[in-house]
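Since the structure comes first, as structure tokens, the remarks are kept for the end.
Throughout, read-outs are computed from the coordinates displayed, never taken from laboratory work. Please read these numbers as outputs of a predicted model, since none were measured by experiment. FYI the Cβ positions are ideal-geometry reconstructions off the backbone, even for glycines, and counts take in every protein chain you see.
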Amino acid sequence: MKLYTIGFTQKNARKFFNLLRDNNVKTVVDIRLNNTSQLAAFAKGEDLKFFLTEFCNIDYIHDTIFAPTEVLLKDYKNKKVSWLDYEKEFDRIMEKRNIESYIAKNYADKDSICLLCSEALPNQCHRRLVAEMFKKTLDEVQIMHL
């Protein structure tokens, strides 16, 4: 399985959609807790779904089971928790949600998925953590950050 990750910030629409198309992404899985923010511009929930399906022939799924809790996200943004503490708490949340079974049940038959979040880089973004969970759960997952 090819598993891509992408953040929409610091990318214009042309670059964003071309990256997805050029890499033959078949499904974008939006793992943001909130996909309706006005700050999301072209990546706002229903608009993004329309652009992906109508112009790129890419399926769109908004799957918040992969999102952090609102409390964890706020605490991290407000610098109440470090990235290391965020990772540990995020892993606990995913374990409670039985995420490995969920991935195996819902995504094992898909190929060329792209996990979407807002952060420009994957280093300190939960999409990298989710991608690593996919790799741990499914056979032969190749992760590429766009």
Worksheet item: Given R₀ = 25 Å, FRET efficiency for Thr53-Asn98 by Cβ-Cβ distance, to 0.05?
Response: 0.25
Item to complete: Count charges around Ile113 for me, please; just the other residues with Cβ under 10 Å from its Cβ, Lys/Arg as +1, Asp/Glu as -1.
Response: +1
Response to the item:
So, over other residues within a Cβ distance under 15 Å of Phe55, counting Lys, Arg +1 and Asp, Glu -1, the net charge is 0
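For the stretch 44-134, count all C-alpha to C-alpha pairs, find those more than 18 Å apart, and express that count as a whole percent of the total.
Roughly 51 percent, rounded to a whole number.
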Response to the item:
Going through Lys80/Lys135; Lys77/Lys135; Lys79/Lys136; Lys11/Lys80; Lys26/Lys80; Lys79/Lys105 one by one, the pairs whose alpha carbons sit over 32 Å apart turn out to be Lys26/Lys80; Lys79/Lys105
Worksheet item: At what distance in angstrom do the alpha carbon centres of the stretch 65-95 and the stretch 111-126 lie from each other?
Response: 15
